[in-house]
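The values are calculated or read from the model by the stated rules, or taken from the named source; none is laboratory data. Nothing here was measured: the structure is a model prediction, and the numbers come from that model. A quick note on method: Cβ atoms are made from the backbone with ideal geometry, for glycine too, and the neighbour counts reach across all protein chains shown. Only protein heavy atoms, including side chains, enter the accessible area calculation; ligands, DNA and RNA are left aside. Shrake-Rupley method; radii C 1.70, N 1.55, O 1.52, S 1.80 Å.
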Amino acid sequence: FMLPAGERCLVVEDVMTTGGTIREVIACVEALGGTVVGVGSLIDRSAGAAHFSVKRVALATVKATTWKPEDCPLCRAGSQAIKPGSRV
């Protein structure tokens, strides 16, 4: 896509876990000469750990519960783990 130099951009993600995708988008915007003025997400699963050089706002913060495989109730029940999201 094209982005005029100096274009002010707001980067918004649906679900933020580590902030990695947002950092990638920020890098793309800056490489094209744009200026990121803020970061937003619908859901923040980072527990506040994702930091950016601009203001960050989320509509909701969700604490994701994790278990070691030996403590996971779904693992004990024989379920297979499925990796969600777009990252491989």
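For the range 46-65, the residues whose backbone nitrogen is under 20 Å from a point 7 Å from the Cα of Cys72, taken along Cα to Cβ, are 46-47, 63-65.
Computed from the alpha carbon positions, the gyration tensor of the chain leads to an equivalent ellipsoid with semi-axes of 33, 14, 9 Å, biggest first. For the range 28-58, the residues whose amide N sits under 12 Å from a probe point set 7 Å from the Cα of Asp14 along the beta carbon direction are 42-43. Excluding ligands, DNA and RNA, the accessible surface per residue across the chain is 75 Å² with a 1.4 Å probe.
Taking the protein heavy atoms of the chain in the context of the full set of protein chains, the accessible area attributed to carbon and sulfur is 60 percent at 1.4 Å.
Cysteines in the chain that lack a partner Cβ within the 4.7 Å cut-off: Cys9, Cys28.
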